[in-house]
Every structure is written in C-alpha cells, then in structure tokens.
C-alpha cells in the first residue's frame, strides 16, 4: 500500500492553535498561583502563620487545573530544546511539587473516603507524569548532549516523587489521628460541660463569650490541619519545597548566564511558554513562602518542647502513623469469596503488600523526623535566641499576667499521644484570634435593628394570625419566623399614605433581622418538612429590591389604594386566588400534605391569613389611620423578630458543640461572629419573660409553639376576667411583657437553670 504524501500545509494547520493552547496552560497555572496566594493572604490576615489550606486543597478542581498546567512535561512529541522551553518544563514540575507540598495540610479537612479517592487520583497523575518524562528522556538519549538543563529536570522529578511519598504517608496518618483527636475532644467536651457556667452571678452573654473562647481553643488545637502543620511531615514537605524552588531559581540563573536571554522559544507553543514560565515561577514563590512558614512552625514547636529529648525518642514512630495499615492487614476477607484457596491467596497477598507498605511508611516517617531534627539543629539556635530576646523585653508583671492567662487556656488545648504540650506562643495566639473576630463582628452590629427591637415585646407573635380567619384548604401549613416577618413587611409596604423613608427604614431593619432569623432557622428548621415553608420566605428578595410580592406590585397598590382597608382587601383577594389554585381534596394526593405545597402557594396562604386578620382588626377599630396601622405592623414585626432572636444563645451554643471534626473550627468561628454581632441584642432579649407553658429547651425555637402557649395564656386570663385586648390591642411600650409574667421565667433564668442542671448530671 502506498504511503500518502506528507502535506506541510496540513501540519501547519494542526500546529496553528498550539500558542492558544499554551495560553490556556498559562491560565490554569495562573488559577493555581492565585489559589496559593489566597491561602497566603488568608494566613496573614487571620494571624495563622501556619497557613491553613482554605482555597487550594486536594479536590477534583485542583487536580484538573494541575493536569492542565503540566501539559508541557507530558508532551512527548513536541520539540522543546530552546532555553525558555526547557525552563517552562522545569517550572511546570516545580509548580507541581510546590502544589503537593501545599496540599499536605488540606488532608486534615477532608473526609476519609475523599482522602482515599483524591490521593489515589493524585498518585496516578504523578506516576503518569514521571513515566512520560522518563519515556522522553530514554527516547531522546542519543540527543541528551543537546538537551540543556537536564540535571535540574531530573532533580525536580525526584523531589516530586519524594513529596508524593510524604503526602501519601500523611494521608495514612490523618485517617488515624482524626479518630484520636475526636476521642480526646469528646473527653474534654464532657469535662467542659461539667465545669462551665458554674459562676451563677455572671451574665449569660459573658458565659457565651467564655464558651466561645473555650471551644475555639479546643477546635483550633484539635484541628487536623494544625496537627499536620506542626508534624514532621509538614517540616519535610517545607524543606523539599524550598529545595525545589532553589533548583528552579538556579536553572533560571544558569540559563541567563549561558544565553543572556530568557525569551528564546523554538517550540510550536510560541511566546506562550514565556507566560507559562512567568506565571508558574510566581506560583512557586507564593507556595514556597507558605511551606517555609509551616516548616518554621514545626521547627519552633519542636525546639520549644523537645529540650533534652533522646534520639531514640526523637525517632520513635508513633502508633498513629501505622495503625490504619495494621488494622487493614488484620481485617477479615470478604465473605462473598467462598473458595478457601482464593481466600488464603488473597490473605497472603494482602499481608505481603501491607507489610511492604508498612516498611515504606516507617522509612518515610523516619525520613521526615530526620529532616526535622536536622532543621532544628540548624535553625533551632537562632529561634531560641530570638525567643529569649522577645521574652526579655516583656516586664515581669506582663509575664505574670501571661502565665495566669495560659493556666486558663492550656487545659482546653488538645494534642496527640506522644506529642508534648503546645508552647506558650501558640496558645497565646489562639485567644487573640477570638478577640480579633469578636471585635470585627462588633463593628458590624446592626445598630438600627437593635434600636428597632429595644422597645419590643413578644405579644405580636399572638396577634399576626387569627384563628377566626376561615381556611382556604382543609389543612393549614406550618409557619416559620421568616415567612411571618416577610408577609407582614410586604403588607406594610403596600399601605397607602406612608412616607417612603419610613417604609425604606422598616425594610432595612427587616433585612438585617432576617440575617439572624435565617441562622436560627438553619439550626432548628433543617428537616425536610420545613424546606418549602422556608423557601416561601425567599420572595423577600423581590420585596426588598423591587417592592414586589410574587407578581403583585406593592408600590402600585400603595399608590392606587384610597385607604389601608382597600389595600388589605386587594392583597387578601389576590393571594386567595393564588392559594385556591391548589387542589388538596384527594387524601392520596401528595399535595394533601401542606409540607409538599409549592412555596408560592404557602406564601399566598400566609398572605391571605395575615392580611385577613389585620383587615378584621381594622373593621373593629374604624378610627385606625394608615399611619397607626403601619406603626402597629412595625410593632408586630419587631415582636416576632425579638421572639425569634431570643434563640440566638442556643444557636451559638450549638455551633460551638458541632460534632464533625472537619467543620468544627469553621463552626466555632461562625459562633464568635454571631456573638459579636448579637451580644447587645442578647443583653436585653434574655431579660424578657417567656409565655407560661413554653418549654425553652425545644418549643422556644418554633413560632407555632409560641402562639399556642400565648393564646392558651390569653384564654386563661380571659376566664379570670382579664380582657384579651388589654394585652394585645395597643402599641404602647408601657407594661409590655406583664401579660406573660405570671408563672413565667426569663430566658436568662432558664439558661442559668439549664446550666446548673447540666452540672448536676456530671
């Protein structure tokens, strides 16, 4: 068969898009560099100089970006002999090594299954890169004397393989340490519960602040990322990453000295290789800074706690490095394999493979420890001198205060077995982070909302919806805080003859209040039965931005209505039409359950009931003006927000005690932010009396339970010749809460009692 003639024009057409592909590689490298820089900036801003992996972590996205960024080293067919092309290949390998060193701490924030999947995927990718580079070197061995910078390329490849071993070894360790840390955390958590809130005279807000401080220390010191960072594995990764950066720097300097230019490209990628080299070099610099700080963190930790330790203790391989492999070696064979010979072969083969892995794991751990010991010998003396100078500059009284402070912090710190106590400088930095977060949150407190809620009571919870309003359907959906607030605010925005500035101010206060309401509902309304009910409150966005409730223009109703009664009638009529479109008469139909109603139907049903309730009140009080009705609605909204936000203390408590170790640090930080923004509100909300019969441990989180308790209390008082209107008819702040003081306790008193009861349990 005749071989077709070679067509140069076809080859040129195939090579034409290669510069664009090179720019695509540069963009992927730029994304990796930006992620590395983001982690660096986040570490400096949060005063965490061990630089946790927040933006650049081991996942499908980072693996995809790295696979694109390493296009040049795995390209086996393109001739890349020019100096810039060779440097771009080395920078790609250097970026991969830097990325792997920065991915080591991120293993702590991943679940066990994700660790296994992602480390396996990364290992396959690295092995593929190494194979491609080796194939290229072997295939072009007769031309190696023309291949510049070959030693640097081989060294970068070797460092990348070593980092893969370190990362895999750390992954095995993390699977065990997370369980150890979880056990220690639960022990400390139980002890903390038995000791907390023993000071009966202290304010609950102060106790919540102490709670946040305590659990922040526990979460921070037991953070798997922090544990990895202060381990020998991170120190080893930092040294290797630094050596990798020096190799790249040496290659750039040598190329510059030899050719007096770094812009010589001869490949089909064109000038895009210059951009690839530039972007990847910047990424290597950012990543090396982070890993160098982590290396110094591990060195400072060992130098602070390991004085006088013997070499045998330094090179002891702790149980958590190998426990997972030992457990896997002794695990039973799957019962699905029935054949005895196959089971025996699998058991023997598995034992042989795991034994090899155990030996490799021990070798890697000993290598990490050796690197850490050598690092301490080189840098330890300098670090100790600096610490002595810094400590000598602090006066005696300050040191005494610092020691007293550490005595209260140290019992809450957690560490692995065999790991020495955390040094003072580490423990001192953690509470400072809490203070910084609280102070930043206090600057963001909603002052207008606080003033809006200050004169509120809880009476509006019983007023906004009347049992006398006939139902549209045979069943009524449940209510939630945000839905009631959004519906009332929509009605207030539709009232005529109200100054626009007052409506805008109310909307702003509700916007700030809904931020906290959503947090409360995320804690207590997380079940599926509340999903559509909470979504019904999402129509707030259109009310806020466009003054529209669903497709109804509230501003148009306000302008065209002669009085409030007319506006309320129109809202009730339009919402009834929307809600009536749902057919729920068939018991077998899923829509027979109100929890399955569409959000727009639930919102329309709420609008119909609340607008009809307010309209009935206006009919009874013909003298009410539009302005008075607006004030009354504003007071109802404030009362409902106050009742809802009285649960913020429980939300903060729940966030501090979150169980999942991967999310614990973030959750405690959210609790601190929430406390800083809401502590002034909690100061006066916790002094309010709860309705008699309301169980604060459960019922206080649900608006339906509030209404049931309050309506029952009103009914009891009515039977005692106290008229209901004396409790709910006026907007005056005088005597608020007096209707619910009989037999009731304040939230402050309840929290105190619950804290004491918790202590008695232990």
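Just a yes or no: is a residue in segment 4-17 in contact with a helix residue (DSSP H, G or I) (Cβ under 7 Å, 6 or more places away or on another chain) and either under 18 Å from residue 284 (Cα atoms) or part of a helix (DSSP H, G or I) (or both)?
No, segment 4-17 contains no residue that is in contact with a helix residue (DSSP H, G or I) (Cβ under 7 Å, 6 or more places away or on another chain) and either under 18 Å from residue 284 (Cα atoms) or part of a helix (DSSP H, G or I) (or both).
Name the residue, out of 300, 260, that is on the phi < 0 side of the Ramachandran plot and in the same structural domain as residue 104 (by TED's automatic domain parsing). Let's see the steps before the verdict.
Details: 260 fails: on the phi < 0 side of the Ramachandran plot.
One residue alone meets the criteria, 300.
Can you tell me which residue among 481, 530 is within 27 Å of the chain's Cα centre (by Cα), crowded, with 20+ Cβ neighbours inside 10 Å and within 21 Å of residue 703 (Cβ to Cβ)?
Result: 481 is the single residue among 481, 530 that is within 27 Å of the chain's Cα centre (by Cα), crowded, with 20+ Cβ neighbours inside 10 Å and within 21 Å of residue 703 (Cβ to Cβ).
Would you be able to say whether some residue in segment 265-280 is farther than 30 Å from residue 13 by Cα and surrounded by fewer than 16 Cβ atoms within 10 Å (Cβ to Cβ)? Before you say what the answer is, go through the steps one by one.
Of the residues in segment 265-280, the ones farther than 30 Å from residue 13 by Cα are none.
Checking segment 265-280: not a single residue is farther than 30 Å from residue 13 by Cα and surrounded by fewer than 16 Cβ atoms within 10 Å (Cβ to Cβ).
Looking only at segment 331-339, decide whether some residue is surrounded by 11 or more Cβ atoms within 10 Å (Cβ to Cβ) and more than 20 Å from residue 178 (Cα to Cα).
Yes, there is a match, as at least one residue in segment 331-339 is surrounded by 11 or more Cβ atoms within 10 Å (Cβ to Cβ) and more than 20 Å from residue 178 (Cα to Cα).
Considering only segment 651-697, state which residues are under 20 Å from residue 481 (Cα atoms) and either touching a strand residue (DSSP E or B) at 6+ places or on another chain (Cβ under 8 Å) or assigned by TED's automatic domain parsing to the domain that holds residue 456 (or both).
Answer for segment 651-697, where residues must be under 20 Å from residue 481 (Cα atoms) and either touching a strand residue (DSSP E or B) at 6+ places or on another chain (Cβ under 8 Å) or assigned by TED's automatic domain parsing to the domain that holds residue 456 (or both): 686, 688, 689, 690.
Select, from 263, 287, 238, the only residue that is assigned to a loop (DSSP other than H, G, I, E, B) and either farther than 19 Å from residue 75 by Cβ or out of contact with any strand residue (DSSP E or B) (no Cβ under 8 Å at 6 or more places or on another chain) (or both).
Answer to the check: 263.
Among 144, 149, 116, 167, which is within 28 Å of the chain's Cα centre (by Cα) and at pLDDT below 95?
Result of the check over 144, 149, 116, 167: 116.
Can you confirm whether segment 509-525 contains a residue that is within 14 Å of residue 633 (Cα to Cα), assigned by TED's automatic domain parsing to the domain that holds residue 577 and surrounded by fewer than 20 Cβ atoms within 10 Å (Cβ to Cβ)?
no
Which one of these is within 25 Å of residue 515 (Cα to Cα), buried (at least 16 other Cβ atoms within 10 Å of the Cβ) and modelled with pLDDT of 80 or more: 683, 699?
Of the residues listed, the single one that is within 25 Å of residue 515 (Cα to Cα), buried (at least 16 other Cβ atoms within 10 Å of the Cβ) and modelled with pLDDT of 80 or more is 699.
For residues in segment 26-57 being free of Cβ contacts under 8 Å to residues at least 40 places away in the same chain, closer than 15 Å to residue 106 by Cα and out of contact with any helix residue (DSSP H, G or I) (no Cβ under 6 Å at 6 or more places or on another chain), which is surrounded by the most Cβ atoms within 10 Å (Cβ to Cβ)? So that I can check it myself, show each step before the final result.
Keep residues of segment 26-57 that are free of Cβ contacts under 8 Å to residues at least 40 places away in the same chain, which gives 27, 31, 34-35, 38, 41-42, 44-45, 54-55.
If we keep only those that are closer than 15 Å to residue 106 by Cα as well, we get 35, 38, 42, 54-55.
Those still in the list that are out of contact with any helix residue (DSSP H, G or I) (no Cβ under 6 Å at 6 or more places or on another chain) too: 35, 38, 42.
Details: 35: 23, 38: 14, 42: 15.
Across segment 26-57, the extreme among qualifying residues is 35.
With 500, 548, 577 as the choices, which residue is over 25 Å from residue 707 (Cβ atoms), without any contact (Cβ under 8 Å) to a residue 40 or more places away in the chain, surrounded by 17 or more Cβ atoms within 10 Å (Cβ to Cβ) and assigned by TED's automatic domain parsing to the domain that holds residue 453?
548 is the lone residue from the list that is over 25 Å from residue 707 (Cβ atoms), without any contact (Cβ under 8 Å) to a residue 40 or more places away in the chain, surrounded by 17 or more Cβ atoms within 10 Å (Cβ to Cβ) and assigned by TED's automatic domain parsing to the domain that holds residue 453.
For residues that are in contact with a helix residue (DSSP H, G or I) (Cβ under 6 Å, 6 or more places away or on another chain) and either closer than 15 Å to residue 617 by Cα or in a loop (DSSP other than H, G, I, E, B) (or both), tally how many sit in segment 445-474.
Our first condition is that a residue be in contact with a helix residue (DSSP H, G or I) (Cβ under 6 Å, 6 or more places away or on another chain); within segment 445-474, this holds for 445-446, 448-450, 452-453, 456-466, 469, 472.
Those left that are additionally either closer than 15 Å to residue 617 by Cα or in a loop (DSSP other than H, G, I, E, B) (or both): 445-446, 456-460, 462-466, 469, 472.
Residues flagged as in contact with a helix residue (DSSP H, G or I) (Cβ under 6 Å, 6 or more places away or on another chain) and either closer than 15 Å to residue 617 by Cα or in a loop (DSSP other than H, G, I, E, B) (or both) within segment 445-474 amount to 14.
What about residue 183, is it crowded, with 23+ Cβ neighbours inside 10 Å, in a helix (DSSP H, G or I) and either assigned by TED's automatic domain parsing to the domain that holds residue 57 or at pLDDT 95 or above (or both)?
So residue 183 does not fit the description; no.
The values are calculated or read from the model by the stated rules, or taken from the named source; none is laboratory data. Since this is a predicted model, take the numbers as computed values, not measurements. As a convention, Cβ positions derive from the backbone with ideal geometry for all residues, glycine included, and neighbour counts pool all protein chains shown.
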